[in-house]
Each structure stands twice: as C-alpha cells, then as structure tokens.
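> Dropping the structure in here first, questions after.
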Amino acid sequence: MTTLIKSGTLITAAETFQADILIEGEKIALIGENLAAPEGAEVIDASGKLVMPGGVDAHTHFDLPMAGTVSSDDHYTGHKAAAFGGVTTVIDFVSQDTSPLLKNVEMYHEKADARAAIDFSAHMNITRWDEQVEREIPDLLDEGITSVKVFTAYTMRLPDGALMEVMRTARSLGMVTLLHAENGDVIDLLVKEALEQGHLTPEWHALTRPSWGAVEAVLRGSALAAQAGGAPLYIVHMNAAGEVDMLEYARSRGLPVMGETCPQYLFFTVDDLRKPDGAKWVCSPPMRTKEDNERLWRGLEQGTIQVVGTDHCPFFFDGTQAIDYEGEKVAIPGKELGKDNFTKIPNGLPGVGDRLPILWTTGVVSGRITPNQFVALNCTNPARIFGLYPQKGALLPGSDADILIWDPERKVKYGVNVAQHRTDYNLYEGWELTGFRDKVLLRGKVIVDGDEWLGKPGGGRFVRRAPYAPVL
Ligand code: DUC
Ligand code: ZN
Ligand code: ZN
C-alpha cells in the first residue's frame, strides 16, 4: 500500500519544516516538497496539522501481577490506549522468576504477542543475581533485548555488589542498565514504624518513602556505574529535585548516566494523596512537592533529563464496580484493596495515553519546551537510548512509517472518558487541552483516525533492538 501525507508541518527532534511524506508499505520512502501522489496512493491531507514520529514510551507495565491483583491494562488494552495517545511503540518489562531468563522471555511473549496492537519491546528485570544469571545475560541479545532493570527498593532489590556486577556485565555487552532508585531498607523501617503507630492512610505511602532515599540511590547508582567501568545507566521515573541535581552532577563528571521522568511527577504532590480519593495517586516512587515538580521541569527544559516515560501501571480506583470496555462489563480489583491500609494499595497509575496530550499543552503551548524538545523527549531520545533508532522515533526515509498527525487547534476537555485506558479514573480529569492527536499510523496503516479505532490484537509486532546504542 502507498500513502502520501500531504502539506503537513513536520516536527523532528531537530527541525520543523513543511514537507510531504511518501509511504511505501511499512516504511517511509521519501520526504520532500510537493511530492506527486503515485497512482492508487491514498492521500492524507495534513494541511494545518503537525506531523511527528509516533510516540515511544520506554516504561510501561501491562498485565503486571501486584498486591493480589493485576494492572488493569493488558497488552491489547494498554496498546490501544497508547495509540489513542499518539504512541506507536512501548517498552515493557519481563519479570524474572526462578526460571532461566529465556524462559521468562518466552512466557512474556506468550502473554503479549497475540494481544499486541502497537509495536513493542521489553526490558529484562534482574531481581535475582548469581553466576548462572550472569552467564544467561548474553542470551537476551539473541532475543533482541538490550536493556536490564535493577532495583534498590522492593523485595526484588539487589545489594550494591550485585548491582555493580549487573552494570559491568551489561556494559560489556553493549546493554543499558535501568535503575529504580529508592532506599528499600529505609522504606521497610519507616513502613514498619508507621504501621505500629497506626498511620494507615494513603499519604503515608509517600511519607514512608522519603526523597532522600531516591536522591542517594541516584548518586549510588551513578557511582556504581562509574566503578563498573562507565556503564550506561538510565534512571527511571525521576521524581525528586535532588535526583536531578545528582544526575547533573554525574553527567558533569562525564558519566554515561541518563534520566527519565513521568508526567505525574511534574504536576502532583503529596497533597494529592491527602484527598479523599488519594489512593488514585499511589505509585512508587511517590508524589513529592511543588519544588520537586519545578526542578523536574527545569531538568527537561535544560536537557539534564533526556526522556519522558509514563510508568503506566493502572489499577481501578474502585474495582468492585464494573466499567464498559468494548461492549463488555469489566471489573478488576484495584485500589480499594488498600482502603484500610496504605501498604495494600496496588502501586501504580494510568498514563500511557496521557503523556503526549498533557505535555503538549503544559509543555509546548505554555512555552516551557519547544515542539522539537517535545519530539526528542517523547519519541526520538527513548528510541535512540534503547536501540530502536532510526527504525522508530524518526521521520526519515527507511524508518518505519509510525506517524502521529497532530491537530494543534483541537480543544479537548480531558479525562477518563477521553483517555482509553482500561480503568475507572484519570489523573487529569477536567483538564482543558489545546492540541490533540488526529491520526496515528503504525507501519503505514492508520490505526487511529479521529476518535475511531482501526487497530487490532496481533497488529503490533515485537521489535528486536540493537546493542551499543548511544548514550545521550
Ligand atoms: N512503581 C509503580 O508504582 N508501579 C509499578 C512499578 C513501579 O516501580
Ligand atoms: Zn520502578
Ligand atoms: Zn515502573
């Protein structure tokens, strides 16, 4: 199939210019001015519209078991919500259990492949470390997996020596290590004390996870990366001002450390957890303060932070009440599991479909970031860092024709009825947005047209990633 996107304004991470895009099959064939439509080509008129690479979300958790339930978007519903939010590629996570890593990857494919509606990959969680696991890491490259994630919190955290060994092994293979940076030992102590003192409300989720733990874990991670021979390190879901300071410090010393924040950390604070429906904001790491929001924004504006991801991991607020989803009633246990005890609230928020519309209005329309920064942070940088570029995250001849056509004039009152996540709430309820997706193409096929869904389970494909990606 041949498609010509006519008369749009193209926005890449580096440039803004008027051009047409010719798509042959799944790939961009040509970009230029006044391209003639080949016979039989479908023509999409993009005049007055902006044309960007499809969004890449490097941090999602679909179908993730947690706290006696499961995140409420699976690999189909989450991909559909992503597509409605302008995203054409997601990178999720393979959980490690006691099986060999390849078995975990196989189990992941069994859950994801037939449900996928956009293109996807996965990072490998390393939550158990021994010589056998070390020997198995190179197998991941054969599977097209070129990144591993480690934790300094939760029961799945590794001790510092193991963290350093993971980073060293990853570096030797051209892989990136992702780090969830909090202090698990301190959190365990503070949670125990809070429960003993009868503090059970959602705000205590935040109060038992102080930002100092995140700050020192970013510095510790960076120091370990340095001692691992300069291992590329990517700090996920940065949420605290001090973390950005530590990232800046590490980068100023030439360390290959990069950072990601997520929209929720740019807007919300611990005060949101104090509301009657505060459980909606419970995720880890938690919401912080206005000063933290502001420092994160500056980190984005100044390029200290390279990526906006989402950490999409939704749960129902009230999983006893069914919602309509594609004509069926669906209820999945959610935040109500922790109504009497914050430690029982499943951790996580919806977000995969919110990132682009929310950041366009709050970042670009407000003048905080340029449209090119918007594309860099949401599309191109994650693709580059994780070995997907230039197949993904780019408007270039030869790239996959994953294209987001954006209507900068469209006004939307955002909320749960607009976002397509399979959950019963949205953090941005009632927000007035200017600028919204018009069409989304996945490898040359229109999968979202206005408000119409044209994608399907199995329409997405696992993307094999390349090692030795650049450090940005
Ligand atoms: N934090 C969450 O809130 N949910 C999923 C995983 C994570 O790190
Ligand atoms: Zn995490
Ligand atoms: Zn996460």
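> Could you tell me whether A117 is away from ligand 2 (no atom under 16 Å from the Cβ), surrounded by 15 or more Cβ atoms within 10 Å (Cβ to Cβ), part of a loop (DSSP other than H, G, I, E, B) and not assigned by TED's automatic domain parsing to the domain that holds R437? Quick ask: steps written out before the conclusion?
Working: away from ligand 2 (no atom under 16 Å from the Cβ): yes; surrounded by 15 or more Cβ atoms within 10 Å (Cβ to Cβ): yes; part of a loop (DSSP other than H, G, I, E, B): yes; not assigned by TED's automatic domain parsing to the domain that holds R437: yes.
For A117, the condition - away from ligand 2 (no atom under 16 Å from the Cβ), surrounded by 15 or more Cβ atoms within 10 Å (Cβ to Cβ), part of a loop (DSSP other than H, G, I, E, B) and not assigned by TED's automatic domain parsing to the domain that holds R437 - is met.
> Might you check whether a residue that is away from ligand 2 (no atom under 16 Å from the Cβ), of a type in the set (V, I, T) and either open to solvent by 10 Å² or more (accessible area, probe 1.4 Å) or under 21 Å from T60 (Cα atoms) (or both) occurs anywhere in region 175-182?
Going residue by residue through region 175-182, those that are away from ligand 2 (no atom under 16 Å from the Cβ) are 175.
Next, from what is left, pick out any that are of a type in the set (V, I, T): none.
No - not one qualifying residue is present in region 175-182.
> So which of G299, G278, G353 is of a type outside the set (S, T, Y), open to solvent by less than 20 Å² (accessible area, probe 1.4 Å) and within 16 Å of ligand 1 (Cβ to nearest atom)?
The match here is G278.
> If I ask for residues that are of a type in the set (V, I, T) and surrounded by fewer than 24 Cβ atoms within 10 Å (Cβ to Cβ), which ones from region 359-401 would you list?
T361, T362, V364, V365, I369, T370 - these are the residues of region 359-401 that are of a type in the set (V, I, T) and surrounded by fewer than 24 Cβ atoms within 10 Å (Cβ to Cβ).
> Run down K280, K275 and say which single residue is more than 16 Å from ligand 2 (Cβ to nearest atom), under 22 Å from T60 (Cβ atoms) and in the same structural domain as T201 (by TED's automatic domain parsing).
Details: K275 fails: under 22 Å from T60 (Cβ atoms).
Testing whether each residue is more than 16 Å from ligand 2 (Cβ to nearest atom), under 22 Å from T60 (Cβ atoms) and in the same structural domain as T201 (by TED's automatic domain parsing) leaves just K280.
> Given region 137-229, what helices (runs of 4 or more DSSP H) lie entirely inside it while holding 2 or more residues that are within 16 Å of ligand 1 (Cβ to nearest atom)? Reasoning before the result, please.
Details: elements: 160-172, 184-196, 203-207, 211-227.
So the answer is 184-196, 203-207, 211-227.
> In addition: Do we have D73 as within 23 Å of L141 (Cβ to Cβ) and within 16 Å of ligand 1 (Cβ to nearest atom) here? Outline the logic, then answer.
Working: within 23 Å of L141 (Cβ to Cβ): no; within 16 Å of ligand 1 (Cβ to nearest atom): yes.
Judged against the criteria, D73 is not a match.
> Taking only pairs six or more apart or across chains, which ones have beta-carbon atoms under 8 Å, a first residue in region 46-63 that is assigned to a loop (DSSP other than H, G, I, E, B) and within 16 Å of ligand 3 (Cβ to nearest atom), and a second residue that is of a type in the set (F, W, Y) and modelled with pLDDT of 95 or more?
Between residues of region 46-63 that are assigned to a loop (DSSP other than H, G, I, E, B) and within 16 Å of ligand 3 (Cβ to nearest atom) and residues that are of a type in the set (F, W, Y) and modelled with pLDDT of 95 or more, the close pairs are A58/F386; H61/F93.
The values are calculated or read from the model by the stated rules, or taken from the named source; none is laboratory data. Here the structure is a predicted model, which is why all the values come from computation and not from measurement. So basically every Cβ, Gly included, is an ideal-geometry build from the backbone, and we count neighbours across all protein chains shown. Just the protein is used for accessible areas: all its heavy atoms, side chains included, with ligands, DNA and RNA removed. Shrake-Rupley method; radii C 1.70, N 1.55, O 1.52, S 1.80 Å.
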